Amino acid sequence: QVQLVESGGGLVQPGGSLRLSCAASRSIFSIYRMGWYRQAPGKQRELVATITNGGSTNYADSVKGRFTISRDNAKNTVSLQMNSLKPEDTAVYYCNSDPPNRFHWGQGTQVTVSS
């Protein structure tokens with residue numbers, strides 16, 4: 001079964017940084033667009049950043065200028081560098097294709113921004 005394993009979350013103070021990683025158990029080379037999603041308590045899962053296999057990126061307005069998505073097709077990984085974190089960034093973060101129809105959802109990684 002194809003798996004996605006997210007890691008790198010944790011507790012960080014407002015203004016801090018975290019780097020999330022997602023490892024896929026099979027090649028992502030042929031997947032046109034990969035993305036990072038997040039789900040805060042009581043809210044729907046939302047797409048926050050995407051990257052194509054050509055390196056083109058797109059971001060939700062709420063994270064633009066603070067988050068950077070990258071992918072390494074050779075290593076089958078997708079990363080999310082998060083800077084200037086805010087309490088409203090608190091959520092479980094997931095990676096998947098965009099649209100999310102190429103992988104089962106992983107367990108996600110919890111990001112908590114709090115002083």
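Evaluation of A60 against the conditions (1) within 11 Å of the chain's Cα centre (by Cα); (2) within 18 Å of P99 (Cα to Cα) shows that the sole unmet condition is (1). Filtering segment 24-49 to residues that are modelled with pLDDT under 95 and under 18 Å from V78 (Cβ atoms) leaves A24, S25, R26, S27, I28, F29, S30, I31, Y32.
Given (1) in contact (Cβ under 8 Å) with a residue 60 or more places away in the chain; (2) under 23 Å from V5 (Cβ atoms); (3) in contact with a Ser or Thr (Cβ under 8 Å, 6 or more places away or on another chain); (4) not hydrophobic (A, V, I, L, M, F, W, C), identify the lone condition not met by G108. (3) is the only condition that G108 fails.
In segment 1-22, the qualifying residues are those that are modelled with pLDDT of 95 or more and either touching a His at 6+ places or on another chain (Cβ under 9 Å) or of a type in the set (A, V, I, L, M) (or both), and the one that is least open to solvent (accessible area, probe 1.4 Å) is L20. The residues listed here are T112, T50, T68; of these, the one that is open to solvent by 50 Å² or more (accessible area, probe 1.4 Å) and part of a strand (DSSP E or B) is T68. Figure legend. Inter-residue proximity from segment 38-65: first residues more than 14 Å from C95 (Cβ to Cβ) and touching a residue at least 24 places away in the same chain (Cβ under 8 Å), second residues in a loop (DSSP other than H, G, I, E, B) and not basic (K, R), beta-carbon distance below 8 Å, spacing 6+ or different chains. Indicated pairs: A40/T90; N53/I28; N53/F29; N53/S30; N53/I31; N53/Y32; N53/N73.
The values are calculated or read from the model by the stated rules, or taken from the named source; none is laboratory data. Predicted, not measured: the structure shown is a model, and the values here were computed from it. Counting neighbours? That spans all protein chains shown, and the Cβs are built from the backbone with ideal geometry, glycine included. Please note that ligands, DNA and RNA were not included when accessible areas were found on the heavy atoms of the full protein model with its side chains. Shrake-Rupley method; radii C 1.70, N 1.55, O 1.52, S 1.80 Å.
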